[in-house]
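Since the structure comes first, as structure tokens, the remarks are kept for the end.
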Amino acid sequence: MLKPLIILTGPTAAGKTELSISLAKKIGGEIISADSMQVYKYMDIGSAKISREEMEGIPHYLIDEWEPDEEFNVAIFKEYAKKYIQEIYDKDKIPIIVGGTGFYIQAILRDIDFLETKEDRDYRKELQTLAETRGQDYLHSLLKEVDRESFYMIHSNNVKRVIRALEFYKLTGKKISEHNEEQKNRESPYEYFYFVLTDDRENLYHRIDLRVDKMMEQGLLEEVKQLAGKGYHRQMASMQGLGYKELLSFLNHEITLEEAVTLMKRDTRHFAKRQLTWFRREKDVIWLNKKDFDYDNEKILAEIMNRIGDITI
RNA sequence: GGCGUCUUAGCCAAGUGGUAAGGCAUGGGACUGCAACUCCCUGAUCAUCGGUUCAAAUCCGUUAGACGCCU
């Protein structure tokens, strides 16, 4: 008997947070965040993190748990999310995964096996240097000998992925393409409901613009200044978050504040678009276009309840 | 009213006789340990009409619009 797992995701600024609270209250759920930025402490405004008050007493996990200079990634996410899901089941509550990082959702949903391979920092660095000195095509060609499928699948410009494929081979002696193929067909260990909250593109983009302006009014620049003051820099994954990277560029006198804001809006729109591409590809997703529900959360909630039906733990 | 300059895709823009660079935006896609990352694909016949020429976005003239200067 599979246990229920509810996923509430969607592009940024769709309104997931607000809906998640009413849903959690309604079904007796607790929330696990699947958001690669909200895990970090001190990054509140820019990551649109839910506040204590907004949580209305609903327990939240994987929010505000990491330091911005600590490493966090899918494998770590999966490990913790799995642990928290079990804890929630033990309390006879229903876990709700809320957040926009599709990769993370996939990892937990399909229980992807990331193997016990740690990353090999030195080897990565070595490959990076190789790409710079001998060129991306050369690095890419190395892949041809060890993993032909990946060689054809990964574009030579995508250095990051080429490096990972090479690293994976060195660490495991296996082809990452084969590993991916195996993982692709995994059955989910949950009885899941994959909701994607969205809106017409035009409205979504408009909401993004407004939200960026609001973040600036709320003091995002000050937040970034403080993070910079603590020594956090652009090499860290956390500081590559939307809003943070642009304002760091401004603080480094590379662009004007106005340009930074324009870029934030643009990059966020691009991000939302990428998220939609991701969800479109996922199987069994239940799309919830707000427009179809007259932008009424009650109606959306009713539809969710209808889809979920009777669930037991 | 006169003189001059300009007019290339949604925006910016190269090309000045040989068959339309590039950037941005937009749209689509990939993604299995950095994923709010990284990467791929995506468009015009050159304001208008006519002429010169084997060949014109490129030369000549017409009309329209924009800008500047002059009376």
For segment A:264-290, name all the residues that are within 15 Å of RNA strand B (Cβ to nearest atom), basic (K, R) and in a helix (DSSP H, G or I). A:K265, A:R266, A:R269, A:K273, A:R274, A:R280, A:R281
Flagged in segment A:251-262 as part of a helix (DSSP H, G or I) and out of contact with any Ser or Thr (no Cβ under 7 Å at 6 or more places or on another chain), in numbering order, are A:L251, A:L257, A:E258, A:E259, A:V261, A:T262
For segment A:291-299, indicate whether the set of residues that are in the same structural domain as A:D200 (by TED's automatic domain parsing), within 24 Å of A:A34 (Cβ to Cβ) and polar (S, T, N, Q) is non-empty. yes
With the requirement that a residue be in contact with a strand residue (DSSP E or B) (Cβ under 9 Å, 6 or more places away or on another chain) and exposed (fewer than 13 other Cβ atoms within 10 Å of the Cβ), what does segment A:292-306 give you? none
What helices (runs of 4 or more DSSP H) completely inside segment A:171-242 contain at least 1 residues that are closer than 21 Å to A:G10 by Cα and not basic (K, R)? A:201-217
Check on A:R207, within 8 Å of RNA strand B (Cβ to nearest atom), within 22 Å of the chain's Cα centre (by Cα) and modelled with pLDDT of 95 or more: no
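Where residues in segment A:129-160 are within 26 Å of A:L109 (Cα to Cα) and surrounded by fewer than 16 Cβ atoms within 10 Å (Cβ to Cβ), which of them is farthest from RNA strand B (Cβ to nearest atom)?
Quick first cut of segment A:129-160, residues within 26 Å of A:L109 (Cα to Cα) only: A:149-150, A:153-154, A:160.
Now restrict to residues that are surrounded by fewer than 16 Cβ atoms within 10 Å (Cβ to Cβ): A:149, A:153, A:160.
Details: A:E149: 11, A:M153: 7, A:K160: 4 Å.
Ranking the candidates gives A:E149 first.
The values are calculated or read from the model by the stated rules, or taken from the named source; none is laboratory data. All figures in this text were calculated on a predicted structure; none of them were measured in a lab. Don't worry about glycine lacking a Cβ; one is built from the backbone with ideal geometry, like all the others, and counts go over all protein chains shown.
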